[in-house]
Each structure stands twice: as structure tokens, then as C-alpha cells.
Amino acid sequence: MKSVLFFIFLGLGLGISVGYADDPKSEAKPVLPETGKKAPKSSCLASEEIIADLQAREQLINERESALKEKEQEVSKQEEAVKEALARIDQEKNALIGIKEKSRADREEKINKLMETLETMSPKSAAGVLGNTDEELAVLALTRLPAVKSGKILGLLDPKKSSQLSELMAYGNRRREGKSDESVSERAPASQSK
């Protein structure tokens, strides 16, 4: 009983009063305090301002959700574009690797043919050929020849050319070009002595 009185006083103290229809036979409906009109069954006792504010917030939330969905779609399109670009890059990379491997194989075949020719030549004839050959190719050939034969060829070359080729054989292209890549002698198979 005390709790019922408490809620009644609390309601009066807050200015909330709910009346009932004058007709006792009719279904009891709450009466809105400001207007005196009967409230609809599903209505709560919230003001129209609060309802309008809630509806505005709901609309704002819906707008933000739709904007977020649009951004998510845009991001997924961009991700797909990036995946396609990466796939094209991989294809081009593989094509370049194939070209490089083919070039390397062609070069190796040419070097092997030169090696066969040089091995059948006398040191004097080989010195004449290597004296007019590109330095890198000459170094490759000399490093693949047996040490005795390459030494004889270097001895028959012009002293300046012989010195350059010997230096390149020892240090590779790093010293001449100022690079730090691997030397020519490291790329070529070790020479075999006969």
C-alpha cells in the first residue's frame, strides 16, 4: 500500500496526471494531460518533439548506413582493380623472366660455341681472336679454358690487353665500373686444368 501511495505522489510531484474517460462503461483510456483528449491505444506519453527527434535520428542513421554501404562497395571495386593490376604485373614479370632466361640460354650457347672453337685453336690463334673480342666475353672464355691454355693465351696478347683481362678475371667488372655485382669469374664455372 505504501508503494502505491508513493507512485501516486511521485506522479503528482512530477506533474504527470492521467485521467480516465467520464463514461465508466467504456474501456478506460488514458487522457493526455495537456490537451484533455484521449490518447490512442498504441501511443506513449512522449511529446511530439521527442518523436520527431527520434525519427530524425533514425533517418540520419539510415543515411549513414547507406553511405557506408556505398563506400564499402567502392572499396571492394578498388580492391578488385588492385587485384587485376597485380595479376597483370605478375604476367609481365613472368614474361620478362622468360625473355631473360631465353637471352641467358642464347648467350650461354654462343659462349659454348666460342669455347669449342678456342679449344681447337692454337694459343697464338686464340690470342688473336680474344684480342679483338669484347672484354667480358674474353674473360668468360679465359676463365672457362684450362688454366695452362688461358695462361699461354694471355702471354701472347698485347701486354696492356693482357693486364686488363687478368684484372677483370681477378676482380670482375666491379673495379672497372665501380659496381658491387658479382665478378665475371664467379659467374663462370671453375676452369679445369688438363
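Compute the length gained on full extension between residue 49 and residue 119: take 0.36 nm times their separation in residues and subtract their Cα-Cα distance, giving the result in nm to one decimal. Working shown, then result.
Details: separation 70, 0.36 × 70 = 25.20 nm, distance 10.25 nm.
Working it through step by step, the gained length comes to 15.0 nm.
Figure the gain on full extension for residue 76 and residue 97 (residue separation times 0.36 nm, minus the Cα-Cα span) and round it to one decimal in nm. Mind dumping the intermediate values first?
Working: separation 21, 0.36 × 21 = 7.56 nm, distance 3.12 nm.
Result: 4.4 nm gained on full extension.
Classify region 102-177 from the C-alpha gyration tensor, please: rounded if a/c falls under 1.5, else prolate or oblate depending on whether a/b exceeds b/c.
Working: a/c = 1.89, a/b = 1.09, b/c = 1.74.
Oblate, since a/c reaches 1.5 and b/c is not below a/b.
Would you mind classifying region 112-156 by shape? Square roots of the alpha carbon gyration tensor eigenvalues, ordered a ≥ b ≥ c; an a/c under 1.5 is rounded, otherwise it is prolate if a/b is larger than b/c and oblate if not. It would help to have the intermediate numbers written out before the result.
On the way: a/c = 1.20, a/b = 1.09, b/c = 1.10.
Cα axes put region 112-156 in the rounded bin.
Applying 1/(1 + (r/R0)^6) with R0 = 41 Å to the Cβ-Cβ distance of residue 104 and residue 83, what FRET efficiency is obtained, to the nearest 0.05? Show your work: numbers first, answer last.
Working: r = 31 Å, r/R0 = 0.76.
Computed FRET efficiency for residue 104 and residue 83: 0.85.
None of the figures in this text is laboratory data; all of them are computed from the coordinates on show. Since the structure is predicted, the reported quantities are computational estimates derived from the model, not experimental observations. No Cβ is skipped: glycine too gets one built from the backbone with ideal geometry, and neighbour counts run over all protein chains shown.
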